[in-house]
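Everything on this sheet refers to the single structure shown next.
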Amino acid sequence: MLSTIMAAQLRRNDSRLNDAYTDLTNRIEPNSTNMGTTNLNGSPYFDPEFKEATVTYFGKILDDKVYLRYNAISDEMEMSLSPHATQSDQALIKNSKVSCDIKGAVYRYLPLTNGNTLLAKAGYVKEIYIGQKYSLYLRERKVFREGKKARTSLERSFPARFVDESEWYFQKNQGVLNSIKLNKKNIKNYFESDIEHLETFLKNKKGDFKNIDYLKKLVRFMDELT
């Protein structure tokens, strides 16, 4: 079993991890993403393929080759030993000390504040920019919506479906992650203590806050000049 192999390797590499190690994987409950119908629009995955990933466990990069895919409904990093798998009953343990790098995208399981009330107050976020003072994360989830049958000929029917949800989280001085809706007012309120630097950026760099490259440049600018 993969977790047993990894546990043995961790014990060989660093005995200090013994007490912290419980299990690298959690077993996924059967049918945890079964919504009770086969007539569904969409997928619980942004990418259904398992990708080779690097796992960092309590500061240690594991040598074992593993393959992960993100289940955006259950908020699970499903794990497989083969890139050709179509199903898995194992998922990476949810712990802030365990992160994974999937083709250059780094995911961490972190506590979250003031986000979507339909979602848990902890979850996987993708690192977009990590700085000394300011950092930026993106949370991408899928939410299940029940189908709706038309009651009259004037109404439309909607099948059960997966709806994409995304949230941007800002972090200051390695503190809590705060969800911010991307508009000028909210951005200015968040960077209120460094408003002069922000005004300089906004004056010289025009762009759309919802553009990931522009937002990343903004946070990098604020991080490097404060």
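Key figures
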read-out: Whichever residue in the stretch 197-222 is exposed (fewer than 11 other Cβ atoms within 10 Å of the Cβ) and not basic (Lys, Arg) and, among such residues, is farthest from LEU118 (Cα to Cα); value: ASN204
read-out: In the stretch 112-149, residue farthest from CYS100 (Cα to Cα) [restricted to those that are among the small types (Gly, Ala, Ser) and touching a Phe, Trp or Tyr at 6+ places or on another chain (Cβ under 9 Å)]; value: GLY147
read-out: Residue identified as polar (S, T, N, Q) and modelled with pLDDT of 90 or more among THR38, THR22, THR54, THR33; value: THR54
read-out: Criterion violated by THR117 - all others in (1) surrounded by 12 or more Cβ atoms within 10 Å (Cβ to Cβ); (2) closer than 27 Å to VAL106 by Cα; (3) not acidic (Asp, Glu) satisfied; value: (1)
read-out: Count of the stretch 123-165 residues which are within 17 Å of the chain's Cα centre (by Cα), of a type in the set (Gly, Ala, Ser) and exposed (fewer than 15 other Cβ atoms within 10 Å of the Cβ); value: 0
read-out: Test: ALA120 is outside any loop (DSSP other than H, G, I, E, B) and either modelled with pLDDT under 90 or small (Gly, Ala, Ser) (or both); value: no
read-out: The stretch 82-104, residues that are more than 17 Å from LYS60 (Cβ to Cβ) and surrounded by 15 or more Cβ atoms within 10 Å (Cβ to Cβ); value: SER88, GLN90, ALA91, LYS94, ILE102
read-out: Condition check for SER153: part of a strand (DSSP E or B) and either out of contact with any strand residue (DSSP E or B) (no Cβ under 9 Å at 6 or more places or on another chain) or without any contact (Cβ under 8 Å) to a residue 40 or more places away in the chain (or both); value: no
read-out: Helices (runs of 4 or more DSSP H) fully within the stretch 176-226 counting 1 or more residues that are under 28 Å from GLY123 (Cα atoms), in contact (Cβ under 8 Å) with a residue 24 or more places away in the chain and in contact with an Asp or Glu (Cβ under 7 Å, 6 or more places away or on another chain); value: 212-225
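The values are calculated or read from the model by the stated rules, or taken from the named source; none is laboratory data. Every value quoted in this text rests on a predicted model; they were computed, and no experiment measured them. FYI the Cβ positions are ideal-geometry reconstructions off the backbone, even for glycines, and counts take in every protein chain you see.
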